[in-house]
Amino acid sequence: MRKVFQIGGFVAAAVLIAFGIAAIVMGVNGRNTVNSSLKQEYIVGSADMTPALIKEEAKKAGLDVASLSFPTVSVAGKQITNGERARAFASYMRIHALEATGGYTYAQMGRFTAKPGTRKTELAVGGGTDTPQYALTDAATKQPVANGARNIWVTETALSTALNTSYMADRLGLFGIVVGIALLLSGIGFIVLAFAALHRKQIAARLK
């Protein structure tokens, strides 16, 4: 039985080391894929994408600065090439969208552009209306005119979701690397213990 346990120790060590190496390789490949994909988009932070400047802009736009969460990392003039910068860029985009829509989010704005003189009860908090009969009508299509300010959030949400997904993928890749290192060290530890047990047995046999 002791021999079986010793062999089992070496097998377990080999399996742990193999899984550890695989996890590290997959983690590195995942992070490299994220970085290369971001580089292909040629995204560069605008001049105002610093914590100080974006807060100043928000104040000028009349936003409630105290209720907002501002980025803490500057990406001004920097190309977005990794998950950390992608997440920061997405945070700056949100502030820009709030500035463009007067501080209102997608859900606070009406689907359509409201007619002049529309009564207040038919208006959304952030402007526009959800009632077609109170919306401006396109002369060509005879359809209600979409709320352009609200559509800003459609674009912002799509882009920021993609950037935040890149950040999540980058973090998962890093987690895979950490787990891989842990498995690798565990495997090496099993080998050391197995060798120690085998060596102790040999020493005991010689003493006899």
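The values are calculated or read from the model by the stated rules, or taken from the named source; none is laboratory data. Being a predicted model, the structure only gives us computed values, none of them experimental. A quick note on method: Cβ atoms are made from the backbone with ideal geometry, for glycine too, and the neighbour counts reach across all protein chains shown. Heads up: the accessible areas ignore ligands, DNA and RNA and are worked out on the full protein's heavy atoms, side chains in. Shrake-Rupley method; radii C 1.70, N 1.55, O 1.52, S 1.80 Å.
Odds and ends about this structure:
- Only residues that are outside any helix (DSSP H, G or I) and open to solvent by 50 Å² or more (accessible area, probe 1.4 Å) were counted across the range 14-56, and they come to 4.
- Screening residue 62 with (1) open to solvent by less than 60 Å² (accessible area, probe 1.4 Å); (2) in contact (Cβ under 8 Å) with a residue 24 or more places away in the chain; (3) farther than 28 Å from residue 170 by Cα gives one miss only, at (1).
- Any hit, the range 57-79, residues being assigned to a helix (DSSP H, G or I) and within 30 Å of residue 182 (Cα to Cα): no
For every residue, the table says whether it meets (1) among the polar types (S, T, N, Q); (2) in contact with a Leu (Cβ under 9 Å, 6 or more places away or on another chain); (3) closer than 24 Å to residue 80 by Cα; (4) not in a strand (DSSP E or B).
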residue	(1), (2), (3), (4)
116	no, yes, no, yes
126	no, no, no, yes
133	yes, no, no, yes
140	no, no, no, yes
165	yes, no, yes, yes
172	no, no, yes, yes
177	no, no, yes, yes
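- Given (1) touching a Ser or Thr at 6+ places or on another chain (Cβ under 7 Å); (2) part of a helix (DSSP H, G or I), number of the condition residue 121 does not satisfy: (1)
- Selection within the range 123-173: residues that are under 23 Å from residue 91 (Cα atoms), of a type outside the set (Gly, Ala, Ser) and touching a Gly at 6+ places or on another chain (Cβ under 7 Å). The member of this set that is least open to solvent (accessible area, probe 1.4 Å) is 170.
- Scanning the range 67-76 for residues that are exposed (fewer than 14 other Cβ atoms within 10 Å of the Cβ) and hydrophobic (A, V, I, L, M, F, W, C) turns up nothing.
- Verdict on residue 93 being under 30 Å from residue 48 (Cβ atoms), at pLDDT 95 or above, open to solvent by 50 Å² or more (accessible area, probe 1.4 Å) and not small (Gly, Ala, Ser): no
- So residue 7, is it closer than 27 Å to residue 189 by Cα, out of contact with any Asp or Glu (no Cβ under 9 Å at 6 or more places or on another chain) and open to solvent by less than 50 Å² (accessible area, probe 1.4 Å): no
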